[in-house]
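Just below is one structure, and these are the notes that go with it.
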Amino acid sequence: MEHVGDCFLVPGPTRMSEACRESMATATITARGSEFREIMARLNSGLRYAFNLSPSSDKRGQESWEGNDGYKVIVVSGSGTGAMEMIIANRFGKQDNVLIPTNGKFGERVAEMAMRYCNVTHIRYEWGQSFDIEQLEQLSKNNNFESLIICHNETSAGITQDAKALSTLASSYGMGFILDGITSVGGIEVCPEAWNAEAVVVGAQKCTAGPSGIAAIAINEKYISESNHRRENQLLHPAYYFDLQFALNKGDDDQTPWTPSIIAAQGWATSLEILKNEGLENRISRCANMAKGVRKLFLDAGFRLLADNKQRSDTVTAILYPEGIDDKWRSRLKETYQTQVIGGQDHLKGKMFRVGTMGETPIEEIIEGCKRMMLCFKDMGHSIKELDVESYFR
């Protein structure tokens, strides 16, 4: 099937399906009636599937937010950053020391956020550079860290952390393990129970192809216990909208404490059903195959990739511009070739571009988009090898 029309290949927000958009174009409903509780049950059940947790009922009144693994899912009316702040604010106080290694913009954001609530040891690696596990182990051995917090998939640099190794490290030194999984849940393997993760965060508009402005957390019994202990002993910073206790008091009834993002919840519930129909393993495999094709194509074409070889992300690829090319290329790509990718951030702005391979993006769109990228580089005067683009994805 040949792809026609625009190619939207940014690493979130991803394109929403027609079914998702249609589910949001409905009459207004109340947040407290049975209709919305039915939507919440569908959403909670879909989230448990996306988080790779044990299944739950998608019927209201059946405790849709929990299964038999000790994890609960909670929907947050806010972006993934808001959900991440909720996780940190309800778990740590000034008496807590946490370890946060970073290798990109979004990990650094997590570290900056955590500094508002607790004592942070921030180990800052170059963007796209793998964490030094031995260094982190030595730090853990010599310090009494309460938790290890990571940005699992760093879209600013196109790198995915070795969560399994990091979870082993955390367990070895009695640390909690918390993941910003905003751009990995639903697109890269995430194993909360096997990794003994206390908390994981996801944003709707990334791998699950839902609407922007709504997110969710998955938390286990240990997280809830530690949160309750600190609350009872007045060790947490004051919070109101993000006070987890309000959400915990409403979950059994498929409710939210405050006015929820009703329309966004409707759309996300539908997107998660599309994910379930495709199959989590199938989506992860499709994203991986598309990313592998993008990586090999651009390497064969003579480009350099930012991230370390063994940990390159399967939902976004960070590609360095060749000499003499900058973001004018992206502008021409959008205006002349109706294809969108995203640029670099902070000190890498104008020095690289990033291609998203997440959500419901079909292989045909990636193939066509890559063909247009190659043509656009030629237009800009860059000498490029003649390559059979389609062969990299079949």
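The values are calculated or read from the model by the stated rules, or taken from the named source; none is laboratory data. These figures come from a predicted structure and were not determined experimentally. With ideal geometry, Cβ positions are generated from the backbone for all residues, glycine too; neighbour counts draw on all protein chains shown.
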Being in contact with a Pro (Cβ under 7 Å, 6 or more places away or on another chain), under 24 Å from Ile188 (Cβ atoms) and either outside the structural domain of Gly187 (by TED's automatic domain parsing) or among the small types (Gly, Ala, Ser) (or both) narrows it down to one of Thr315, Thr357, Thr361, so name that one.
Thr315
Taking the range 79-92 and keeping residues small (Gly, Ala, Ser) and touching a Phe, Trp or Tyr at 6+ places or on another chain (Cβ under 7 Å) leaves Ala89
Among Gln266, Gln255, which is of a type outside the set (D, E, K, R), more than 17 Å from Gly158 (Cα to Cα), at pLDDT below 95 and more than 17 Å from the chain's Cα centre (by Cα)?
Gln255
Within the range 30-55, which residues are among the aromatic types (Phe, Trp, Tyr) and farther than 9 Å from Asp254 by Cβ?
Tyr49, Phe51
Just one of (1) over 15 Å from Phe298 (Cβ atoms); (2) at pLDDT 95 or above trips up Arg394, so point out which.
(2)
Consider Ser331 against the criteria (1) among the small types (Gly, Ala, Ser); (2) within 29 Å of Phe393 (Cβ to Cβ); (3) touching a residue at least 12 places away in the same chain (Cβ under 8 Å): it satisfies all of them except one. Which criterion is unmet?
(3)
Being acidic (Asp, Glu), closer than 19 Å to Lys206 by Cα and assigned to a loop (DSSP other than H, G, I, E, B) narrows it down to one of Glu386, Glu360, so name that one.
Glu360
Those helices (runs of 4 or more DSSP H) completely within the range 220-300 that have 1 or more residues that are under 30 Å from Leu320 (Cβ atoms) are 280-300
Output for Cβ contacts, cut-off 6 Å, separation at least six or different chains, first residue within 11 Å of Leu99 (Cβ to Cβ) in the range 134-157, second among the acidic types (Asp, Glu) and not in a helix (DSSP H, G or I), reads Glu146/Asp96
Can you tell me which condition Ala307 does not meet? The list is (1) touching a helix residue (DSSP H, G or I) at 6+ places or on another chain (Cβ under 6 Å); (2) surrounded by 21 or more Cβ atoms within 10 Å (Cβ to Cβ); (3) not assigned by TED's automatic domain parsing to the domain that holds Ala25, and all the others hold.
(1)
Which condition does Thr14 not pass, out of (1) in contact (Cβ under 8 Å) with a residue 60 or more places away in the chain; (2) surrounded by fewer than 17 Cβ atoms within 10 Å (Cβ to Cβ); (3) not in a helix (DSSP H, G or I), if it passes all the others?
(2)
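One line per residue, one yes/no per condition, for (1) farther than 21 Å from Val200 by Cβ; (2) at pLDDT 95 or above; (3) surrounded by fewer than 15 Cβ atoms within 10 Å (Cβ to Cβ):
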position	(1), (2), (3)
Gly33	yes, no, yes
Ser45	no, yes, no
Phe51	no, yes, no
Lys59	yes, yes, yes
Trp65	no, yes, no
When every residue in the range 83-131 that is in contact (Cβ under 8 Å) with a residue 40 or more places away in the chain and among the polar types (S, T, N, Q) is compared, the one surrounded by the fewest Cβ atoms within 10 Å (Cβ to Cβ) is Gln95
